[in-house]
């Protein structure tokens with residue numbers, strides 16, 4: 001029979017060994033490189049919008065999309081418009097100018113001219129956040145934010161923008177037939193101006 005001191009030490013050793021084995025078998029916590037630091041006050045807050053009447057909310061088709069809408073076609077247009085809100089994480093998604101340039105490059109002019117000459121930009125402040133908007137029409141030959149190629153669609157219009165939130169850039173892209181996008185101009189601006197960073 002073992003003395004009581006050795007029994008207690010042995011029991012303690014078994015308990016410590018069990019804890020070490022459990023700790024080693026637990027998978028590590030993976031932190032996304034896109035996630036804001038947990039200590040940041042912005043980490044639990046999100047950019048939120050009010051959805052205008054008449055828009056149909058859709059389930060986002062990828063994890064990069066935080067919201068996705070279908071805007072019904074105007075009379076005479078065969079196709080509806082699509083609006084997508086993208087968020088890639090703090091410091092991700094490129095600069096405001098890089099996005100404006102890329103989006104402008106997705107619209108071609110019928111006469112072969114530069115879409116940069118036709119594009120209109122606007123800067124405003126919404127609830128303390130800088131917002132830069134783009135408006136350009138022509139033949140849409142772009143894809144999604146992932147760079148996927150699209151088919152050529154003449155007489156299209158793009159309204160796009162970047163909202164610079166405390167958590168990083170949110171990217172908004174509305175594309176559709178010119179007449180349909182024009183029908184939703186006021187609603188688009190309502191949507192942009194409703195942006196609030198809260199949570």
**Fill in**
Fewest-first ordering of 137, 56, 82 by Cβ atoms within 10 Å yields 56, 82, 137
**Item:** the range 149-198 versus the range 81-101: alpha-carbon centroid distance in Å
**Value:** 11
**Request:** Could you rank the peptides 58-71, 182-195 by their average count of other C-beta atoms within 10 Å per residue, with the highest value first?
**Result:** 182-195, 58-71
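Stokes-Einstein diffusion coefficient for the range 46-198 at 10 °C in a medium of 1.306 mPa s, Rh from the Kirkwood formula over Cα pairs: what value in µm²/s? Kindly include the intermediate steps, with their values, before the conclusion.
Details: Rh = 15.6 Å.
D, rounded to a whole number, is 102 µm²/s.
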**Request:** Rank by packing, highest mean first: peptides 157-167, 93-103, with packing defined as the count of other Cβ atoms within 10 Å averaged across residues.
**Result:** 157-167, 93-103
**Prompt:** Extension gain residue 51-residue 118, at 0.36 nm per residue separation less the Cα-Cα distance, in nm?
**Reply:** 21.2 nm
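Read the figures in this text as sums done on the coordinates, not as results from a lab. Predicted, not measured: the structure shown is a model, and the values here were computed from it. Don't worry about glycine lacking a Cβ; one is built from the backbone with ideal geometry, like all the others, and counts go over all protein chains shown.
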